[in-house]
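Below is one structure, written out as structure tokens; the observations come after it.
What follows is calculated from the coordinates using simple rules that are stated; it is not laboratory data. The model shown is predicted, which means the values in this text are computed figures rather than measured ones. Note that each Cβ is placed from the backbone with ideal geometry, even for glycine, and that neighbours are counted across all protein chains shown.
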Amino acid sequence: MAAPDPWSCRACGSQIDLAGCSIEVGLVRLATRGGDGFQLGGAGIEPELAAVLASCECGGRFTPGPGTGPAATARFDPDAIRDPAARGWAALEATPALAELREVWRPRALVLMGREQELSKEDVLQLRLEEKLAALQAEVERATAAGEGDAAEAAHARYIELGTTYVRRFVRSHEPAA
Ligand SMILES: [Zn+2]
């Protein structure tokens, strides 16, 4: 897991963590700074990230830093992120050192760019598994915080099971044969 990158709603204090959004954050960084010296994380590109984050459920906007409210799921505005995602993807394609990242990011990047029609069946499956894994991780965190040990354990077991499938199918298949 990446280091936490907490943001919070100025109006209600709800908190989101952008550490789990490495593709969105990475594409915005590539769009802003280009591919040279690329690093993960949102440091230094906060204004650009604030512009593409969806509003909080209360209607407030998110700003960097922890808040005092409950945890929420980070969401991006599909219209606002389309253009930065496309410019970030172009920068990624122009940077040979980041070729491996391109492989892994491609399905999600296509969705962010509004080019879903280019997804293969395998890409769609990969995205669905990633969404399920993210939902299970959120459930583990929620149940743990609520003191629901059995629910947390069940979600964790399911996460490991699905995670194993994911790695076998999508990570190892990108590795060169031994
Ligand atoms: Zn709010």
Study note, to complete from the structure: Lys and Arg at +1, Asp and Glu at -1: neighbours of residue 32 with Cβ under 10 Å from its Cβ sum to +2
Check your understanding: Based only on the alpha carbon positions, what is the Kirkwood hydrodynamic radius of the chain, in angstrom?
Key -> 17.5 Å
**Study point:** Length added when fully stretched, residue 129-residue 36, from 0.36 nm per residue minus Cα-Cα
**Key:** 30.4 nm
Review point. Charges only on Cβ, +1 for Lys and Arg, -1 for Asp and Glu: so what's the dipole of the chain about the Cα centre, in debye to the nearest 20?
Key: 240 debye
Review point. How far is it, in nm, from the label point at residue 117 to the one at residue 102 when both lie 7 Å from their Cα along the line to the Cβ?
Key: 2.3 nm
Practice item. Could you work out how far apart the two model spin labels at residue 141 and residue 157 are, taking each label as a point 7 Å from the Cα in the direction of the beta carbon, and quote it in nm? Key: 2.4 nm
Check your understanding: Just how many % of Cα pairs in region 120-178 lie over 14 Å apart, if you round to the nearest whole percent?
Key -> 60 percent
Point to revise | Cα lying deepest toward the dipole's positive end in the chain, options 12, 155, 23, charges on Cβ | key: 23
Practice item. Set Lys and Arg Cβ to +1 and Asp and Glu Cβ to -1, take the dipole of region 1-130 about its Cα centre, and tell me which of 32, 113, 50 lies farthest positive. Key: 50
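Per residue of the chain, what 222 nm ellipticity follows from adding -39500 (n - 2.57) for every DSSP H run with n ≥ 4, rounded to the nearest 500?
The helix contribution divided over the chain gives -17000 deg cm²/dmol.
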Point to revise | Over the chain, relative contact order from alpha-carbon pairs under 8 Å, at least 6 apart, % | key: 20 percent
Practice item. Please arrange 14, 120 by counting, for each residue, the other beta carbons lying within 10 Å of its beta carbon, fewest first. Key: 120, 14
Exercise for review: Find the relative contact order for region 120-178 and round it to a whole percent, using C-alpha pairs within less than 8 Å whose residues are 6+ positions apart.
Suggested key: 33 percent
Study note, to complete from the structure: Placing each pseudo-label 7 Å from Cα in the direction of the beta carbon, residue 83 and residue 171 end up separated by a distance in nanometres of 3.7 nm
